[in-house]
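Worksheet: one structure, shown below.
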Amino acid sequence: MERDESSPRDSRYEDAVISLAQICAALWRSRFVFLAVMVSVTAITLVGLLHFAKYESEGLFRFGGAIPIPQTAEFSTLANLGYNAEDRKLPPGIGFSDYKLFAAFYSTRERFDLYVHDNKLDDTAVIRNLRARFVSPESVEDMLNPVYAITRQDAKNLVGKTDSTSNNVIGLRITFSADTPELAQKMVNTLGRYAIDSIAYVVYAGAVPADCAAIKTKLVRYDAFILSKSEHMAELRRRVAYLKDIAQRHPDLANATRQVVTVTEQSARYLPPITLLATAEVEESEVREAIHRANSEKSKAALLLEYCERLKEVIASTNSGEAVVQSLEKTKNEVFKDKDLSDDVVKDVYQGVTIANRNAISVYLDNSRFIAGPTLPNRRNVRPSIAIVISLVVGFVCAAGVVIVKRWWVKNRTVISGQERPDRASSGSG
């Protein structure tokens, strides 16, 4: 009995299944509906794809040297600012840890707003589009991709032949999509200048205050050194005066000879006064020369400190790294305008600062530039032919789905309604 009762129900559901032939027949019978839906969906999809398709510009921005400039000079200030004759031997680019710091800095919305304000950039479509992308570090990283000196594939092929410290970030691959080719190109160019501007600002904002503190500490050490040597000098001068007095009062001892095999602190007193006098005078000359060198280095440090203090004022007045680098020569001229450049000490510091400034300008402004691009795209990132194919496929699928669902509903409406009526009757009797 159960089999007989289930047979009519199974046959009804088997009738509800639509075969391929039935689908084709249904599409043909509803061809006008099918075509109307397909054309509508295809047009809407095509317009949407073309509307949201963008022009993508790309550029390769290269860093102009080792950043930050290595610290190998005696004064860290000169090292940080580029006073280093050996920096060409070091690999160009930015170390990984330094790059992560720089990237974290220029990936913030606040930093970009400060850059726009300090560079007096108008609130144009370029700036508005860029500001909209500074929502997270990940979105900025999608636009500014680091380029390493050695890729993963290169590292596999050159196992044991390369130094891991030389795998610096040598540039940035910058991409951006916009509604027009010109806008995309301008965005990529702006991002390149923004990145190197932020990097230069981080370097100087961190190096100059640290250098000021280091030079102040070194000045204190020079004062302590000079004081110690001056006390030693006074002691030697008194010793020389005593020895001269002894030599005058005992002329017979002036030319006396002693056989002293080993000269120690105890046996040195038995040497002839003239020998002791010569020794004291030689030691006095050495101490005098040490004091002279210390005073010279102290004067250099004082000049550098004045220069660094001026740079600190410049950094505090701006948020643009390019403005800081461009102000280096102006700051130098202000510091040395009332100094005697014929003095060797002043000339030495002046030349060192000049070399540092020229090196910094070369690294951050002249050599850090685009070596490829920014490109001016001539087509969108979605080709019209591909957009048409996708639109046709989507239109066909949607139109076929509408016809099939409509046909299925018409065919099975009586079955569904027939199932609902017994259920309502049983519930009513209950």
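The values are calculated or read from the model by the stated rules, or taken from the named source; none is laboratory data. This one's a predicted model, so the numbers in the text were calculated from it and none came from an experiment. Please note: Cβ atoms are built from the backbone with ideal geometry, for glycine as well, and neighbour counts cover all protein chains shown. With ligands, DNA and RNA removed, areas are computed over all heavy atoms of the protein, side chains included. Shrake-Rupley method; radii C 1.70, N 1.55, O 1.52, S 1.80 Å.
Summary table below
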read-out: Residue satisfying all of: in the range 121-175; part of a strand (DSSP E or B) and open to solvent by 70 Å² or more (accessible area, probe 1.4 Å); modelled with the lowest pLDDT among these; value: Tyr148
read-out: Cβ-Cβ under 9 Å pairs, at least 6 apart or on other chains, the range 245-258 side part of a loop (DSSP other than H, G, I, E, B), far side modelled with pLDDT of 55 or more and of a type in the set (Ser, Thr, Tyr); value: Arg258/Thr275
read-out: Test: residue in the range 45-55 that is open to solvent by 40 Å² or more (accessible area, probe 1.4 Å), closer than 30 Å to Lys312 by Cβ and either at pLDDT 65 or above or aliphatic (A, V, I, L, M) (or both); value: no
read-out: Residue that is among the small types (Gly, Ala, Ser) and either open to solvent by 50 Å² or more (accessible area, probe 1.4 Å) or at positive phi (or both), where the choices are Ala213, Ala200; value: Ala213
read-out: In the range 321-338, the residues that are of a type in the set (D, E, K, R) and touching a Lys or Arg at 6+ places or on another chain (Cβ under 9 Å); value: Glu322, Glu329, Lys332, Glu334
read-out: Residues satisfying the stated conditions in the range 305-323, i.e. under 16 Å from Lys120 (Cβ atoms), in a helix (DSSP H, G or I) and touching a Leu at 6+ places or on another chain (Cβ under 9 Å); value: Glu322
